[in-house]
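Enquirer: Okay, here's the structure, questions in a sec.
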Amino acid sequence: MKYMLIMNTPRNGYEQYMKWPKKILEANTAFMNTFSKNLQEAGELLSTAGLAAPEHARLVRAGKDRKSITDGVFAESKEFLAGYWIVDVESPERAFEIAAEASTAPGLPVTAADGTPIDHMWIEVRKILGSHKDL
């Protein structure tokens with residue numbers, strides 16, 4: 001069963017992250033590298049990536065002439081996709097275990113858009129539909 005584990009960040013999460021002390025940034029990076037390496041060695045990791053800050057994102061659609069029309073990130077967005085893992089596991093419970101482990105990455109608590117502290121980031125787990133039998 002394939003799942004996407006999605007890590008979101010509050011609007012100012014990238015800014016908060018870049019202000020972390022060097023020691024915590026290094027611990028976070030080491031954790032993420034080891035975490036992904038362990039999943040890969042277990043044969044469970046299919047893909048993973050961290051994404052650039054939202055100010056570099058653009059919304060794109062085709063115009064009437066089929067040429068691209070772009071727009072920036074909308075001001076009302078409160079959270080943004082920060083990164084993901086795609087895993088292939090035997091059960092939903094295993095995907096939940098992996099997500100829980102990912103949420104323990106070292107770091108300073110960040111704050112949500114409403115100012116509420118977040119000790120561990122929530123990781124959203126979504127099943128990937130890959131064949132007609134999954135529908």
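Enquirer: If you check N12 against the conditions, is it more than 16 Å from S103 (Cα to Cα), of a type outside the set (V, I, T) and surrounded by 12 or more Cβ atoms within 10 Å (Cβ to Cβ)?
Expert: Taking the combined requirement at face value, the residue satisfies it.
Enquirer: Of all residues in the stretch 40-90, which are of a type in the set (D, E, K, R), without any contact (Cβ under 8 Å) to a residue 40 or more places away in the chain and not in a helix (DSSP H, G or I)?
Expert: Scanning the stretch 40-90 gives R58, R61, K64, D65, R66, K67, D71, E76.
Residues checked against (1) exposed (fewer than 10 other Cβ atoms within 10 Å of the Cβ); (2) at pLDDT 80 or above; (3) more than 27 Å from I24 (Cα to Cα):
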residue	(1), (2), (3)
S36	no, yes, no
V89	no, yes, yes
R94	no, yes, yes
A102	no, yes, no
L108	no, no, no
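Enquirer: Turning to a different aspect of this structure: Of all residues in the stretch 62-82, how many are on the phi > 0 side of the Ramachandran plot and surrounded by 10 or more Cβ atoms within 10 Å (Cβ to Cβ)? So that I can check it myself, show each step before the final result.
Expert: Restricting attention to the stretch 62-82, the residues satisfying the condition of being on the phi > 0 side of the Ramachandran plot are 66.
From what's left, surrounded by 10 or more Cβ atoms within 10 Å (Cβ to Cβ): none.
Qualifying residue count, the stretch 62-82: 0.
Enquirer: Would you mind finding the one in L59, L5 that is buried (at least 16 other Cβ atoms within 10 Å of the Cβ) and either under 28 Å from K127 (Cα atoms) or small (G, A, S) (or both)?
Expert: L5
The values are calculated or read from the model by the stated rules, or taken from the named source; none is laboratory data. Every value quoted in this text rests on a predicted model; they were computed, and no experiment measured them. Quick reminder, even Gly has a Cβ in these numbers, built from the backbone with ideal geometry, and neighbours come from all protein chains shown.
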